[in-house]
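The values are calculated or read from the model by the stated rules, or taken from the named source; none is laboratory data. Not measured: the values here are computed from a predicted model. Here the Cβ positions follow ideal geometry from the backbone for every residue, glycine too, while neighbour counts run over all protein chains shown.
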Amino acid sequence: MEIYNPQPQRDKIEKLTISIKEAAQMLGISYNVTLTLIHRRDFPKILAGQRRILIPKEAFIKWVNEQACWNK
């Protein structure tokens, strides 16, 4: 027996940006420490309006990998 599904399944859209909270979770650090990192000139971010900060996912991962190389 087939169950009627009025909404077709759509491909899930992958987000291109992450929030400050998500970045903190990915790095395993606190939200406040992440805010400190965001204010660095080399940290990848998009200012959306006066208060909203978005972090491009690909650029963030690249930035993290570059920082890891500096510490070697």
Would you check which residues across the range 36-47 are more than 11 Å from the chain's Cα centre (by Cα) and surrounded by 13 or more Cβ atoms within 10 Å (Cβ to Cβ) and list them? Leu37, Ile38, Phe43
Within the range 48-63, which residues are loosely packed, with under 12 Cβ neighbours inside 10 Å and at pLDDT 95 or above? Glu58
Restricted to the range 18-35, and to residues that are loosely packed, with under 15 Cβ neighbours inside 10 Å, hydrophobic (A, V, I, L, M, F, W, C) and not in a loop (DSSP other than H, G, I, E, B), which residue is nearest to the chain's Cα centre (by Cα)? Leu27
